[in-house]
Amino acid sequence: MTSETPAALAKAAERPRPALSMSTGRAGDRIFAGLSRGSGLVILAIMAAIAVFLVWKAIPALQDDKANFLTSQEWNPDGAPAKFGIAQLVFGTLMTSVLALVMAVPVAVGIALFITYYAPRRLAGVMAYLVDLLAAVPSIVYGLWGLNFLVTKMTGVSGFLNSYFGWIPLFGGSETGGRTILTAAIVLAIMILPIISAITREVFVQVPHAHVEAALALGATRWEMIRMSVLPFGRSGMVSAAMLGLGRALGETIAVAMVLSTTAGIDWHILKDGGNTFAANIANTFAMSGPTGRSALIASGLVLFVITLLVNVGARAVVARRKEFS
Amino acid sequence: MTSLSTKSSSLSSVSAGRKAKDRAAKVFVYAAFALAIIPLVSVLWTVISNGAKRFDGVFLTHSMNGLASKDAGGGAYHAIIGTLEQVGLTALISVPLGVLTAIYLVEYARGGRLGRTISFFVDVMTGIPSIVSGLFVLAFWLLALGMDFSGFAGALSLTILMLPTVVRATEEMLKLVPGDLKEAAYALGVPRWRTIMFVVLPTALPGIVSGVMLAVARVMGETAPLLLTIFITKAINTDPFSGAQGSLPTFIWDQSTDPNANAVDRAWAGALVLILLIMLLNLAARLVAWLRRPSAR
Amino acid sequence: MAKRIEVSGLHAYYGGTHAIEDISMTIEPRSVTAFIGPSGCGKSTFLRTLNRMHEVIPGARVEGKVMLDDEDLYDSSVDPVAVRRVVGMVFQRPNPFPTMSIYDNVAAGLKLNGVRGKRRLDEIVEESLRGANLWNEVKDRLGKPGAGLSGGQQQRLCIARAIAVQPQVLLMDEPCSALDPISTLAIEDLIGKLKSQYTIVIVTHNMQQAARVSDRTAFFNIAGTGKPGKLIEIDDTSKIFTNPEQKGTEDYITGRFG
């Protein structure tokens, strides 16, 4: 070793030494920085284009519309005269999504608590992975499962709910079926479960150990510890998780389009076949639409885009506010 | 101190009410987990058991060309080809764009105004409903530019869905690269772009690859945007740049809307193929992340 | 209401690691017992076995007996939740509940134990805050968040929270290590005052503090890394600091350690 050192040093000395005037890749730096900045700008351009083209291509249909776009429950854009409105789509979309949220949030929070504070440590990772797998199943498969399996089961459930809980307005009505708003909401709830529970879980994991111990040392049971330390810390995280889940549910297309037996008109009875949503309406009627029909669908998609945008930005704002506080 | 009239404290138990609440919470939490697993098992089981009926050589090597949906036989070859091409094109566009954007956000923007704007819109992009991305490509590519339905149009709409995932996954990984590693390179006089290309990116590569695979698995199952952009065909079309093309999700959709048993069986088999592809990608992504996890090196 | 603690043959483990080995000692009521020793010697672990907080850590377990007067804390019929109600604890870093007001922090344990009625709660909260020498500083802002107080005040708030449920024993795990000297002095004063009513056990790194506040001192040590911690000796504080029985103790307190 030692005997080689002088030789190696001598050899190294023969190589050219760097000088300050040497090129240090300035041109490369400029090109690379430009490329990466350009990519970022492309994203901005795409977002701008989405807004511009949706508005532009929606305008012709809106001009032709002989009905009130906001309040009409009809969807007949290719008729003469063209008549269409989004009222029933707004109703169906909100109804399915909100019902889905009401079902999914408590379960998702339960799952997050299970994985962070109840499950055996060694199994927790595997269990979290299983719940995440729910998110890997594509929506078309949920649709297929919903249509061919869940719908048949739900027919009986609807009948049961209607006969015993018919006094609840939503469960009332004279007809029941399987391809209902309730079934669609259940499928949506399953689909948004993993995202809500994953975000909630992430927040629960961050609960400082000191707060958990503070509660336990006071003689709190596990549940009391969760109520004193975990839930207050995780509140804003849960809110934003629920809102992101809502955003997902509002825009979900195929599963809802397959499960619902779409009918026109607003009906509060969620055990009855029927209902429609923005996304399902687009998927179901696109293939048969003429030029005005396509333009009308674009107009409805624009409304959906704006609604989901507001929900998502709201969710991010909640997260951002939380960051400021902690 | 005035004395607190506590019952002579026995260590054996807390009050029955508190215990009951604690137990109820435990039952609820376990039930919640079970409630998530039931649909997972049910979905996988129905897909496997129903899909197995037509999961055969004919299904994997034949298209639906010339067959009516009530006919037996036929397959999803045209759809598999379409899906692979569309997803491949999507990755080809989204990966460089997404990785470069992430590099800009982490290495160049450093909380500047443009960086924050881009970051905000990446978040917004994450929330775009898939059908809206399809509508956009419809409005822009098909209606405004007058192009025809094609696999490439489908890839464009999938790109909008995949881009934000790639940006975020890459960003996470780049942030994990230790700062002293970069400083070590700078100290040697290595220019920034070379540092990023040959020090930062290779370090973050396994994480990025695994993130990209998950993103591909995600868009592979998207149906809604494809309905509006590739349309539906029963024939094999290997050219993604012209004419309607098949895809697995639209194949399932098309077959399942027909209440005929032969068609429904094909839909299930298509779902099985799709799930297998997605699970394979998921597993591969996990494997990459696991093999190259920091402790394994 | 203070009780005597008698520990016999106690071992504690973290998974496969043997953390403390065969500890037996008696802790007298209405006195302050200090645990001293080098880092990693198991004194904090031992403290946490006295209110069954040790087992909160996954994989942790305990063998042996801890008698509180005539009840064994580790008897199978004993609920750890009930133990922690009787044996209060104050931690190294002040940990008031961040989302609760000062008032609610003190009342937290009371509400768990079913104390109801605003007047009754008001009374105990005031009493506990006075007991923790904090009342005069916070009486005008009881509704403000506890996290807004200074570190020393937060720690006294945690002491008020612990004594509000009137425990038999108060365990303190290096309660002053995150505080400045003035706050430390305030806590030490408080400990002197509280010992007339509680059995107090305090873990400290600061030997002057042990000498100042405690009646009895226990010295813990480890033979080397990976070996379990052991109790070397326990005696009156004056004896430990002037004339210890064991050479290891003497080396440690005179700074000839290691």
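No lab work stands behind these numbers, since they all come straight from the coordinates. This is a predicted model, so every value here is computed, not measured. No Cβ is skipped: glycine too gets one built from the backbone with ideal geometry, and neighbour counts run over all protein chains shown.
Quick look at the values:
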| item | result |
| --- | --- |
| Per-residue Cβ neighbour rank within 10 angstrom, fewest leading, A:M288, C:M172 | A:M288, C:M172 |
| Label-point gap, in nm, between C:I57 and B:E172 - each point 7 angstrom along Cα→Cβ | 2.9 |
| Fewest-first sequence of C:Y13, B:Y186 by Cβ atoms within 10 Å of each Cβ | B:Y186, C:Y13 |
| Helix axis angle, C:118-131 relative to chain C longest principal axis, alpha carbon, degrees | 40 |
| Under 21 Å from the Cα of C:K239 - lysines, other chains or at least 8 residues apart | C:K43, C:K195, C:K230, C:K247 |
| Zero-based 20 Å bins, Cα pair distances in chain A, whole percents | 24, 43, 21, 9, 3 |
| Per-residue Cβ neighbour rank within 10 angstrom, fewest leading, C:R212, A:R37, C:R52, A:R30 | A:R30, C:R212, A:R37, C:R52 |
| Fluctuation leader among A:I86, A:I226, A:I196 - chain A, Gaussian network, Cα springs under 10 angstrom | A:I226 |
| Proximal lysines to C:K118, defined as alpha-carbon separation beneath 27 angstrom and excluding residues fewer than eight positions away on the same chain | B:K7, B:K19, B:K21, C:K139, C:K144 |
| Inter-chain Cβ neighbour average for residues B:97-109, partner chain, 10 Å | 5 |
| Stokes-Einstein diffusion coefficient of chain C, Kirkwood radius over Cα pairs, 4 °C, 1.567 mPa s, in µm²/s | 69 |
| Shape box of region B:59-296 [Cα atoms, principal axes, largest first, Å] | 70, 45, 27 |
| Max mean-square fluctuation residue, GNM over chain A, Cα-Cα springs under 10 Å, options A:P81, A:P106, A:P194 | A:P81 |
| Paramagnetic reach from A:E175 (point 7 Å along Cα→Cβ, amide N under 14 Å) across region A:250-283 | A:261-276 |
| Volume per residue that the Cα convex hull of region A:106-158 spans, once the total is divided by residue count, Å³ | 104 |
| Using alpha-carbon coordinates, inclination of helix A:181-205 to the longest axis of chain A, degrees | 30 |
| Helical contribution to [θ] at 222 nm, DSSP H n ≥ 4, -39,500 (n - 2.57), averaged over the protein assembly as shown, rounded to 500 | -19000 deg cm²/dmol |
| Evaluated at q = 0.05, 0.08 Å⁻¹: base-10 log I(q)/I(0), Debye formula over Cα of the protein assembly as shown | -0.40, -0.89 |
| Residue of A:S261, A:S36, A:S240 that the Gaussian network model of chain A assigns the largest fluctuation, springs spanning Cα pairs under 10 Å | A:S36 |
| At least 18 Å along the helix axis (C-alpha) and Kyte average at least 1.0, DSSP helices within chain B | B:77-103, B:151-176, B:201-220, B:261-291 |
| Shielding score for C:217-227, defined as the mean number of other chain Cβ atoms within 10 Å | 0 |
| 0 to 90° range, to nearest 10: angle between helix C:181-194 axis and chain C longest Cα axis | 90 |
| Within 10 Å of each Cβ in C:162-175, the average number of Cβ atoms from other chains | 2 |
| Residue-wise HN-Hα coupling along region A:206-223, computed from phi with Karplus coefficients 6.51, -1.76, 1.60 (Hz; x: Gly, Pro) | 7, 4, x, 4, 4, 6, 5, 5, 4, 5, 4, 5, 7, x, 8, 6, 4, 5 |
| Cross-link partners of A:K66 among lysines (Cα-Cα below 24 Å; sequence separation of 8 or more within a chain) | A:K57, A:K83 |
